[in-house]
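First the structure, in the form of structure tokens, and then the observations on it.
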Amino acid sequence: MSDAIKVPTMAEYMAVGKQPEVLFWVGCAGSFDDRAKKITKAFVKLLHNAKVDFAVLGTEESCTGDPAKRAGNEFLFQMQAMGNIEVLNAYEVKKIVTACPHCFNTIKNEYPELGGNYEVMHHTQFLKTLLNEGRLKVEGGKFKGKRITFHDPCYLGRANGEYEAPRELLQKLEVELVEMKRCKTRGLCCGAGGAQMFKESEAGTKDINIERTEEALEMQPDIIAAGCPFCNTMLTDGVKGKEKEADVQVMDVAEMIANAEDL
């Protein structure tokens, strides 16, 4: 990331008595995973380009507690959630955007009962809003006419009913969008949900991410588009497993928009 883009923290905003338009919740993957950091950077470039006044929590951000809750440790989840809610409420945060559907789902649907009430948006929803408001320009660029298939993240699609935002953004890139047999409400998990991201796969004949990657590769895409860092990892591993990484890329929708614009 060039030195030109400075990402301010909520603490810095608070110090000068200002409130940003939106808090960007980076999430564990977006902060620590080398592949997901690229998604974070691409999204920051888009926010900067659209002149969005945003801030991050920085070191004050902790895991939302999604993996703990899905793995059955409700106590740890509540501890993590309440710590975050305390910080968010102290900063009087109203609106949160995140590039991780797991963070999105947890903060949106599970924080309210613990006292954390915010307007929460997935980054594709937020980008679509910026597009509708004319603050962001999305054009074909280098992806025009490319065959793209979009993998629905479980926590964006089936858990929260958002199927259109990512597809609308892709269509603005003037790509040829081809749908897998199992998509939208019938989408198949990438295999990383429910804290499976952090453990070895269980006994069976085929890993879920391989099954899903095969479905994607059947569409003969140039790019498999994703909207979740976990899905990105699983599909990338699947593509590598099939020795197709020379032919097929796995990219987040935000990366595609940023790359199309050469930001």
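Take the residues in segment 248-263 that are within 11 Å of Ile224 (Cα to Cα) and not in a helix (DSSP H, G or I), then tell me which one is most open to solvent (accessible area, probe 1.4 Å).
Gln249
Could you pull out the residue among Ala55, Ala50, Ala29 that is under 14 Å from the mean Cα position of the chain (by Cα), in the same structural domain as Ala99 (by TED's automatic domain parsing), closer than 29 Å to Met256 by Cα and of a type outside the set (S, T, N, Q)?
Values: Ala55 fails: under 14 Å from the mean Cα position of the chain (by Cα); Ala50 fails: under 14 Å from the mean Cα position of the chain (by Cα).
Criteria check complete, one pass: Ala29.
Quick check, is Lys69 open to solvent by 60 Å² or more (accessible area, probe 1.4 Å) and out of contact with any strand residue (DSSP E or B) (no Cβ under 9 Å at 6 or more places or on another chain)?
In short, no.
Is it the case that segment 114-122 has a residue that's open to solvent by less than 30 Å² (accessible area, probe 1.4 Å), touching a Leu at 6+ places or on another chain (Cβ under 8 Å) and over 30 Å from Met256 (Cβ atoms)?
Yes, there is a match, as at least one residue in segment 114-122 is open to solvent by less than 30 Å² (accessible area, probe 1.4 Å), touching a Leu at 6+ places or on another chain (Cβ under 8 Å) and over 30 Å from Met256 (Cβ atoms).
Out of Ile148, Ile85, Ile107, which single residue is aliphatic (A, V, I, L, M), crowded, with 18+ Cβ neighbours inside 10 Å and out of contact with any Gly (no Cβ under 9 Å at 6 or more places or on another chain)?
Working: Ile85 fails: out of contact with any Gly (no Cβ under 9 Å at 6 or more places or on another chain); Ile107 fails: out of contact with any Gly (no Cβ under 9 Å at 6 or more places or on another chain).
The conditions single out Ile148.
Just give me the residues in segment 234-254 being hydrophobic (A, V, I, L, M, F, W, C) and under 15 Å from the mean Cα position of the chain (by Cα), in sequence order.
Met234, Leu235, Val250, Met251, Val253, Ala254
Anything in segment 14-40 that is free of Cβ contacts under 8 Å to residues at least 60 places away in the same chain, surrounded by fewer than 24 Cβ atoms within 10 Å (Cβ to Cβ) and more than 19 Å from Gly193 (Cα to Cα)? List them, or say none.
Listed by number, the residues that qualify are Ala15, Val16, Gly17, Lys18, Pro20, Asp34, Lys37.
Table: residues versus (1) of a type in the set (S, T, N, Q); (2) assigned by TED's automatic domain parsing to the domain that holds Gly65; (3) open to solvent by 60 Å² or more (accessible area, probe 1.4 Å); (4) over 19 Å from Glu245 (Cβ atoms).
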{"residue": "Arg182", "(1), (2), (3), (4)": "no, no, yes, yes"}
{"residue": "Ser201", "(1), (2), (3), (4)": "yes, no, yes, yes"}
{"residue": "Gly204", "(1), (2), (3), (4)": "no, no, yes, yes"}
{"residue": "Asp207", "(1), (2), (3), (4)": "no, no, yes, no"}
{"residue": "Gln220", "(1), (2), (3), (4)": "yes, no, yes, no"}
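Cβ-Cβ distance below 6 Å, separation of 6 or more or different chains: which pairs start in segment 86-115 with a residue that is of a type in the set (S, T, N, Q) and end on one that is not in a helix (DSSP H, G or I)?
Close Cβ pairs satisfying both conditions: Thr98/Trp25; Asn105/Tyr155; Asn105/Ala159; Thr106/Thr64.
List pairs: first residue in segment 168-193 and under 22 Å from Asn209 (Cβ atoms), second residue among the polar types (S, T, N, Q) and open to solvent by less than 10 Å² (accessible area, probe 1.4 Å) anywhere in the structure, Cβ distance under 7 angstrom, at least six positions apart or on different chains.
Sorted first by the residue in segment 168-193, then by its partner, the pairs are Val178/Thr149; Glu179/Thr149; Met180/Thr149.
Restricting to segment 170-224, and then to whatever is basic (Lys, Arg) and at pLDDT below 95, can you tell me which residue is farthest from Asn105 (Cα to Cα)?
Of everything passing the filter in segment 170-224, Lys206 is farthest from Asn105 (Cα to Cα).
The values are calculated or read from the model by the stated rules, or taken from the named source; none is laboratory data. Source: prediction; values computed, not measured. Cβ sites come from the backbone with ideal geometry, for glycine too, and all protein chains shown count toward neighbours. Each accessible area value is taken on the protein alone, full model and side chains, heavy atoms only, with ligands, DNA and RNA left out. Shrake-Rupley method; radii C 1.70, N 1.55, O 1.52, S 1.80 Å.
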